Amino acid sequence: ALDPDQRDYISAARDSAESLLAMVNDILDFSMLEAGGMELSREPFPLRLTVAGALAVFTWRAEEKSLDLGCDIAPEVPSALAGDAGRLRQILLNLLGNAVKFTERGEVSLDVSLDPGPAVTLHFVVRDTGIGLAPETRQRIFPAFPQGDGSPLRQGGTGLGLAIAAKLVERMQGRIWVESAPGGGSAFHFTARFDAVPGQSPQPPAEPLHENGADPARQTRDKVEKTP
């Protein structure tokens, strides 16, 4: 049993520890990527479940800020692919986390489509209606932030999140870019190449992650909670 003051102190200590752990992990990941020591796996994984899991992390925060959190995966996107699901999730968590953090009203959405071509290349877009980015900021958000950088995306962390995402996208034989304007929201795009899973054909999910008239944030959360 804790009194309110004790609960506040423990919550603050926990939050500080989690923030420090996130910073240490960012530094370790960035160091491994810089040294070429990070190998990506090529294991089969369920794409829609991976995307739903990343969205579910931010459901409570989106509800707290009264934001709509939605997802749309094109029907032609394969249900199963081979690649590094953990690193894909890491990229999505970074982009979705920034979108929710810097959006005070409106919505955050994730779209996934299949790029044309002989390889299985997916195109992800994280859109928000947040503060947006000035042209000079857009030019330097993907390299590691220099010491003393004052970008809003630098506040509260190492500033390595987008740099790590960019390097992971490069390792996935894709590219990453942003479309944004101050006060006009942002759209972070990235592509990533995966291997096809034998016997899998592009089919729409039996239960779409986003249906018109439904609450996308709650729908995503319910889908994850019901998954064994």
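The values are calculated or read from the model by the stated rules, or taken from the named source; none is laboratory data. Here the structure is a predicted model, which is why all the values come from computation and not from measurement. Don't worry about glycine lacking a Cβ; one is built from the backbone with ideal geometry, like all the others, and counts go over all protein chains shown. With ligands, DNA and RNA removed, areas are computed over all heavy atoms of the protein, side chains included. Shrake-Rupley method; radii C 1.70, N 1.55, O 1.52, S 1.80 Å.
Observations on the model:
- Under the condition of being charged (D, E, K, R), open to solvent by 50 Å² or more (accessible area, probe 1.4 Å) and either touching a helix residue (DSSP H, G or I) at 6+ places or on another chain (Cβ under 8 Å) or modelled with pLDDT under 95 (or both), the residues counted in the range 106-137 number 2.
- Selection within the range 62-104 - open to solvent by less than 10 Å² (accessible area, probe 1.4 Å) and assigned to a helix (DSSP H, G or I): 62, 88, 91, 92, 95, 96, 99, 100
- Residue list for the range 41-61, restricted to those being among the aliphatic types (A, V, I, L, M) and open to solvent by 20 Å² or more (accessible area, probe 1.4 Å): 49, 56, 57
- Some residue of the range 39-55 being on the phi > 0 side of the Ramachandran plot, at pLDDT below 90, not aliphatic (A, V, I, L, M) and not in a helix (DSSP H, G or I): no
- Cβ pairs under 8 Å, 6+ apart, first in the range 58-85 and under 17 Å from residue 45 (Cα atoms), second crowded, with 20+ Cβ neighbours inside 10 Å and modelled with pLDDT under 90: 73/209
- Within the range 151-164, not a single residue is among the charged types (D, E, K, R), modelled with pLDDT of 95 or more and open to solvent by 40 Å² or more (accessible area, probe 1.4 Å).
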